[in-house]
1. Assuming R0 = 22 Å, what is the FRET efficiency of residue C:205 and residue C:149, from their Cβ-Cβ distance, to the nearest 0.05?
2. Cα convex hull of chain A: mean projected area in nm², to one decimal?
3. Could you give the semi-axes, largest first, of the ellipsoid that matches the protein assembly as shown, computed as the square roots of 5 times the alpha carbon gyration tensor eigenvalues and rounded to whole Å?
4. If amide H atoms are built 1.01 Å from N in the plane of the peptide, which residues on other chains or at least 5 residues away come under 5 Å of the amide H of residue C:165?
5. Rank C:243, C:213, C:180 by how far each Cα sits towards the positive end of the charge dipole of chain C (+1 on Lys, Arg Cβ; -1 on Asp, Glu Cβ) and give me just the farthest.
6. In 5 Å bins starting at 0, how do the alpha-carbon pair distances of region B:1-128 split up by percent?
7. Apply the a/c threshold of 1.5 to the C-alpha gyration tensor of region A:142-213 and tell me whether it is rounded, prolate or oblate.
8. Just to be sure I understand the model, the point goes 7 Å from the Cα along the line to the Cβ. What's the resulting residue A:378 to residue C:246 distance in nm?
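Quick note: the coordinates plus some simple rules give every number you see, no bench work behind them. Every value quoted in this text rests on a predicted model; they were computed, and no experiment measured them. For neighbour counting, all protein chains shown are included, and Cβ atoms are generated from backbone atoms with ideal geometry for every residue, glycine included.
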Amino acid sequence: MKLSFQLAFRNLIGAGLRTWLIVGILTFTFLVILFYNGLLDGWNLQAKRDAINWEFGYGQFQHKDYDPYDPFSLQNAHGVFDARNAQGLTPLLMRPASIFPNGRMLSVTLKGLPKNQRQLKIPVDRLDKQEGAIPVAIGKRMAKTAKLSLGDEISLRWRDKNGTFDAENVKVAAIFNTTISTVDQGQIWMRLEDLWRITGMNNEATIMIADQPMPDTSFKDWNYVNQEKLLQNINNVIEIERASARIIYFILLAIALLAIFDTQVLSVFRRQKEIGTYIALGMTKNEVTGLFTLEGSMYSLFSMFLGTLIGVPLFGYLSQKGISFGAFTADMGIGMGDRIYPSFSPSLLVSSALIVIISATIVSFIPARKIVTMNPIDALKGKLQ
Amino acid sequence: MIKFLFKGIIRDKSRSILPIVVISLGVSLTIVLSGFLSGAMTDMVDQNARFETGHVKVMSRAYAENKEQLPNDLALLGVDSLISYLRSNYPDLQWVERIRFGGLLDAPDADGESKGQGPAAGIAINLLDASSGEVERMNIERAIVSGALPDYANEALIGDEFAKKLKLNIGDEVTYFGTTMNGSMTFQNFTISGTIRFGIAAMDKGAILLDISAARQMLDMQNGAGEILGFFHNGVYNDKAALAMENSFNNQLKSNPDEYAPQMFTLRSQNNLGDLLDYANSMSAIFVLIFVGAMSVVLWNTGLIGGLRRYQEFGIRLALGESKGKIYRSLVMEATLIGMIGSLIGTGIGLVGAFYLQNYGINIAGMVDNSSMMMPTVMRAKVTPNLYYIGFIPGVFAMVFGNMLSGIGIYKRETASLFNELEV
Amino acid sequence: MNTARNFTGKMKKIILLFSFLFLGIMSGQAQDAQIILDKVDKNMVSKTEITESEMIIRGKRNVQTIGSKSYTEGNKKSFTEYLYPERERGTKMLKLEDRLWIYSPSTDRTIQLSGHMLRQSVMGSDLSYEDMMEDRKLKEIYDAIILGEETIDERKTWILELTASVENVSYHKRKIWVDQERFIPLKEELFAKSGQLLKKTTLSDISQIDGRWYPKKINFKDVLKSGNGTDFIIKKIQFNPAIPAYIFTKASLKK
């Protein structure tokens, strides 16, 4: 075995340029597969983490009238909650309202979060009481849509619990940057305490966000929606991306393997004298087949080595620094950050490496099988068979 | 000389057929797969183009300013002449009009009373005219869960979950209720011809798809449209051409002070798609590199085999007194010819395949349990200009290189040993 | 609803009595304000009315004139049929108390507007459906005081300030400028709870019709929106005609 290994190694090194070309291609393929998968995993993780941090928490109790896709449902979707039973729940109240940038009416959802909450990353803690105007936080996209910048004041019109119009200037005290467009576009955030005061809806909420997973329950007007269900959309999108990614690297791998296969065919064809010599020196045909197969799969070992040399620093760097895709804003039902940080899990590394090695071994073995059927004497003479 | 070699190639089938077949196959494979992967890499950008941004989009300046609000009161008017201007000045693109709108859908019960109401997100496209390509572009046929595409302007497709919520069945009538572009109230009855599922909750729960003629009538937007989208005929976004077009179009209207004057936006400048596009392009460049590299190895091997097979012939030719240099040159020339022929055939076949995949794609919906139609489940190739020449790199260069390497053997040969070879 | 109104009515009488006894000046002012409001009501509101009017809506890009004919009975019932332009012709609207139905001839459907839809603007104007829906008399839902006097277009007016006395009103406060001689409001401003001005109404072209003074042109303006507001022009008005009861039924929408 050791001999075969040494022989295979020498043969490959001896083949020079072509070996390195194949190894290069295989390394490239291996790295691309890793990169692509790592990118998807990173995106997936990040999208979920952002969705959890900015919007969903670990599950939500939603008011029975609340329908996230029907803005009109907000009118009635609110109820008093009992603070004693709401341990670990962060109340969020939503009210329809309007603002008037450039004299055009823009319908918005007014959202209130407790000022000392830590559940969501919405910066309500940065909303300190200011002179006159109520401080609010808006997202970057909203700031762009409504043409608002930090410190701007704008008239906000809403109705209190009795339906009486109220209007006051609000001041943009924080602009946050999030990948989650549903907490950004068309949303104005203020402290729950302020929202309670201006609407007269003390102790009311539309949804309550859990800080840890809870059993599926519902009580009174509140229905529990678990995290998995809230994240469904992201899972769907990632699954599609995964399917198309699989096709891409299947093709990449196939073409790299084709190069190995073809080289193996050539080797068996060209090196008949050598094969004959091995047999004459006492190797069995199976051992020779094994030697040739080993040579083929050694391409993959070389490329693992080279891949590690290039990949470890490169991917280490990328997963630290992330890759910029700009603020991709189109709403595909999933957030995409300014930077995606690829994530390379051990299972990803091992499974990708195994796929490359095993498939390289298989395609090396197929042409080498021909050796078994060779006539050793003809082979030794170098007669083309 | 070339004529002589050419005759040789044609007459000696064993010398030509196999390498040409292999090269053709290799080259066409390279082209098809490169095109396919370029397409697959840009799928998300492409998806955005088809649903939202177009390859270029024309909106009124005021509409563009407020486009998130779907401000149809600021929409383009006089669209007929604008469209014919665009069609005659930019014939490389297909120009289609779309209107996005909001409103309410009200489902009547048997007595005409409301049995359900819900907010609707409307998209009006050219549903009835197949030549607009819109149905295909938005993947609507595949998105249909029940029923069928509308045949008439008074028929509509609505989101599957929306239909369930309003307890609507195929063939039921539903009333749209909203405001016209002038702000007047407007009502319109539609017959539900089918329900759709795009896999994006916001759409499935509230979408209504209409033919643009119905929307114009309903929203009092005669000869108007919220947006005009331009798509390159080959379906592939051409950044350079789009930017040039944007420039020339907007420059002509620069001095026009009208806030409703049309303005053109490229895909790159919308939704911050630029960076994603750059990423996709560099990824596909890497893929092409891998293909060309791998195919080069394969064809180099073919060249080697081709050269090796002819050792005997070279032996005889040397023995007959031909100079080594001449034999070598003729070998390389022959390889070049074979490489050219193979590459030409392969590029031809490859382009046909790439175009086929660009038009029809490969459906991966079966690989996905919960398919979301907004995301492309049909992977398509993208025929880019570089497909026309990249095949020649492995096809000609690798082939010639392989032959050159195997031909080096010619110089190593001693005339004396040639007869040895002849015996065997 | 009715009992609540009776109750507040009774309350008001009691409060009135109290204030009369103990707070002479204040109550005198309040009562003056009430008297003025009563006189305005007498002028502006009749038992039944049939009006033909035009609404001029100035959009950003064009001006639309919409003609309509309305039948009203008190504050609670009204029926409007749109006459022109062609697009709107035959559209009818029926209001009974706090419910509103709209009939469109092109779809032959009657749709009841509810909740959120009532807050939309009427025909793109600066008026919401809800603004037209208020069916309670001002003095039932507001307490009025006289804030002062002002001369508008050479007419002396009282400035009345109305503050909501019940909870479920759209506008917490109103200011009304009432012509001192003719008892016609010349201007009205609607305020949010915070005191911010929301809407402004200007009444002009005051002329005498059937022995009473009546504004023939009313301009509504949502001050938060840009633009010049919506004009409402009375073409023809009949006071206290007999209106058959069937007009105020849903069946009449489809006729």
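1. Here the calculated transfer efficiency is 0.45.
2. 25.3
3. 78, 31, 23
4. Counting only residues 5 or more places away or on other chains, the set is C:142, C:143.
5. Of the listed residues, the answer is C:243.
6. 2, 7, 9, 11, 11, 9, 8, 7, 7, 6, 6, 5, 4, 4, 2, 1, 1, 0, 0
7. Oblate, because a/c is 1.5 or more while a/b does not exceed b/c.
8. Those two pseudo-labels are separated by 10.7 nm.
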